[in-house]
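Taking it in order: structure first as structure tokens, then the write-up.
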Amino acid sequence: MMVTLLGATTLVLVTLAPWVLSAAAGERPEGESRRRAGGGKNLKSPQKVEVDIIDDNFILRWNRSDESVGNVTFSFDYQKPGMDNWIKLPGCQNITSTKCNFSSLKLNIYEEIKLRIRAEKENTSSWYEVDPFTPFRKAQIGPPEVHLEAEDKAIVIHISPPGTKDSVMWALDGLSFTYSLVIWKNSSSVEERIENIYSRHKIYKLSPETTYCLKVKAALLTSRKIGVYSPVHCIKTTVENELPPPENVEVIVQNQNYVLKWDYTYANMSFQVQWLHAFLKRNPGNHLYKWKQIPDCENVTTTQCVFPRDTFQKGIYLLRVQASDGNNTSFWSEEIKFDTEIQASLLPPVFNIRSLSDSLHISIGAPKWFENKPVIQDYPLIYEILFWENTSKAERKIIEKKTDVTIPNLKPLTVYCVKARAHSMDEKLNKSSVFSDVVCEETKSGNTSKIWLIIGIFTVLLALPFVIYAVKVLLRCINYVFFPSLKPSSNIDEYFSEQSLKNLLLSTSEEQIEKCLIIENISTIAIVEETNQTDEDHKKYSSQTSQDSGNYSNEDESENKTSEELQQDFI
């Protein structure tokens, strides 16, 4: 029995196996396939699907694959990043036309999205997948909204950015839009293009009672997107006003003040001046009540006004002037842009000089103005430095970007003079200051001078003993010549006996007699020396006496005998 059941079960499975395998492989049973084909056999997928995104409007367009097949609808699915399944696209289900709008879908405009479409009747076509895209990159800038106001010789243009008030597409770029326009007289085809205007712009120097037409487009330069033009708007200027607006408004710098000047045709007028932050012009809306009065330029009766430089902090401003005769007022003058960095004059730098060995070190600081306050200059500067010897007019120049500069290879112990001026590195500013005051400083002794000083000291120390010895020898010679010693020579000391000296000292009471001995013949002395061999001391004395001829001697009476004996011996 058991074997019979197993055999029957096996037979059933074998019979159903082909059908199960075909179903698992996606094949429909023959009956199902015929039912699909009975309604719309070989239904083809749509082709050439295009995605158009303008501001916050998301539009899909496509072409039918077979125009002969009627009553066909189309449906879209979408898929976000990180999703495995597809979701029905709202606004694009069962569409009978070839266009649908899915702007209601909340998307991250910076994320990629996938779309697919298929045709549907009784059966469906295969899916046609659209190339993935990022909404922000795909989006185009639509036309801005424009509102016009007319004056006698001007038109005021109010521009609202593209998109709706709560725009998602341009939420981060609303303040980055730049605008350009094309304007022409309605009676003429000559067009004038004006680029890079604010969201509130005023066109001057028009003709009264004349119709002008214009169109505006927006652009995002950072994203390289250029929009389409707005519809054409036309307006007619008013009758010419009795008082014209001031003209040729300009700002100049005088010392620590700004001077605002303008031209006007009539006398006995009063004027007022207003200012506005330039960045407010980029914001859409009416800025009429954001203009502020310059305190020193209210109800002035001259065509200029003076206000301190500290009235404005660093930035860009707009200035305008209005005239009044007490009863009537003019329109505002043309607005001028006032950049404190460009309009302000560049002041000369302040620097200190420190003398080093054979060089000068220069420290450049910020210039100073009213009440000795330093000037803050954020734009980069380069410095031109001129220096020369105080005794010469030959100037040498160096250009430096640094504020600490060293001038090397200078002469030691020499006075050098220095002056400097600043130049703006920004070509748009194109400004240079005047030269600073001249500062002079003497360089210190260099290493070479120190070496020679050391060598000189060493040489003096070496030569000092020789100099001392030479001085001593010279002193001896001077003493010998000009201050001789009175002490008798050694020969005389040997001749005189000790007893003779005593007698000489004791005979002071007796009269002293001067004796003079003249030797005529030296040869006689030689004979005496040869014959007289008995008394060597006597010969020595005789020889000494012959050499000292002409000298005078003083002897007492005790020596007379000796002198006489000597004379006899010589004879």
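Go through 276-282, 460-466 and give me the packing order, highest mean Cβ count within 10 Å leading.
Packing proxy ranking, top to bottom: 276-282, 460-466.
Under 8 Å for C-alpha pairs, at least 6 residues apart: give me the relative contact order for region 47-138, rounded to a whole percent.
28
Expressed as a whole percent, the accessible area of region 47-138 that falls on carbon and sulfur atoms is 42 (1.4 Å probe). Annotation: amide H of Tyr317 within the under-5 Å range of Ala278, Phe338, Asp339, Thr340, sequence separation 5 or more or interchain, hydrogens built in the peptide plane. Heavy atoms of the protein chains alone define the surface here; on that basis region 247-339 has 55 Å² accessible area per residue at 1.4 Å probe size. One Cα centroid belongs to region 67-143, the other to region 268-317; the line between them spans 55 Å. Heavy atoms of the protein chains alone define the surface here; on that basis region 47-138 has 57 Å² accessible area per residue at 1.4 Å probe size.
If Lys and Arg each add +1 and Asp and Glu each add -1, what is the summed charge of the other residues whose beta carbon sits under 10 Å from the beta carbon of Ser125?
+1
On full extension, the segment bounded by Phe133 and Asp325 gains 62.8 nm, given 0.36 nm per residue less the C-alpha separation.
The portion of the accessible surface of region 145-236 made up by carbon and sulfur, rounded to a whole percent, is 49 (1.4 Å probe; DNA, RNA and ligands excluded). Other residues lying with their Cβ under 10 Å from the Cβ of Ala154 contribute a combined charge of -1, Lys and Arg counting +1, Asp and Glu -1. Packing, taken as the mean count of other beta carbons within 10 Å per residue, orders the peptides 178-191, 133-146 from highest to lowest as 133-146, 178-191.
Lys and Arg at +1, Asp and Glu at -1: add these up for the other residues within a Cβ distance under 11 Å of Gly163 and post the number.
Values: positive: Lys165; negative: Asp55, Asp56, Glu145, Asp166, Asp173.
Neighbourhood net charge equals -4.
Using a 1.4 angstrom probe on heavy atoms only, work out the carbon and sulfur share of the accessible area of region 247-339 in %.
Taking all protein chains in place, region 247-339 shows 43 percent carbon and sulfur surface.
The mean sequence separation of alpha-carbon pairs under 8 Å and at least six residues apart, normalised by the residue count of region 145-236, gives a relative contact order of 32 percent. Taking 0.36 nm per residue of separation and subtracting the current Cα-Cα distance, fully stretching the chain between Lys337 and Glu209 would add 43.2 nm.
Quick one: of Lys261/Lys431; Lys397/Lys431; Lys165/Lys314, which pairs are farther than 24 Å apart, Cα to Cα?
Checking Cα-Cα distances, Lys165/Lys314 exceed 24 Å.
Close amide H pairs (under 5 Å, H built 1.01 Å from N) link Asn123 with Gly40, residues at least 5 positions away or on another chain. A DSSP coil position with no more than 11 other Cβ atoms inside 10 Å describes none of the GluC sites (Glu not before Pro) in region 84-125.
Taking 0.36 nm per residue of separation and subtracting the current Cα-Cα distance, fully stretching the chain between Ser104 and Ser432 would add 112.2 nm. Between Ile399 and Leu280, the FRET efficiency estimated from the beta carbon spacing at R0 = 41 angstrom works out to 0.55.
Couplings 3J(HN,Hα) of region 235-245, computed from phi: 8, 10, 5, 8, 5, 4, 6, 5, 9, x, x Hz, in residue order, whole Hz [Karplus 6.51 cos²θ - 1.76 cosθ + 1.60, θ = phi - 60°; x for Gly and Pro]. Evaluated over the Cα positions of region 47-138, the convex hull gives a direction-averaged projected area, one quarter of its surface, of 5.9 nm². Accessible surface area normalised per residue over region 145-236 is 54 Å², counting heavy atoms of protein chains with a 1.4 Å rolling probe.
The values are calculated or read from the model by the stated rules, or taken from the named source; none is laboratory data. This is a predicted model, so every value here is computed, not measured. We place every Cβ from the backbone using ideal geometry, glycine too, and count neighbours over all the protein chains shown. When the accessible area is computed, the model is the full protein with side chains, heavy atoms only, and any ligands, DNA or RNA have been set aside. Shrake-Rupley method; radii C 1.70, N 1.55, O 1.52, S 1.80 Å.
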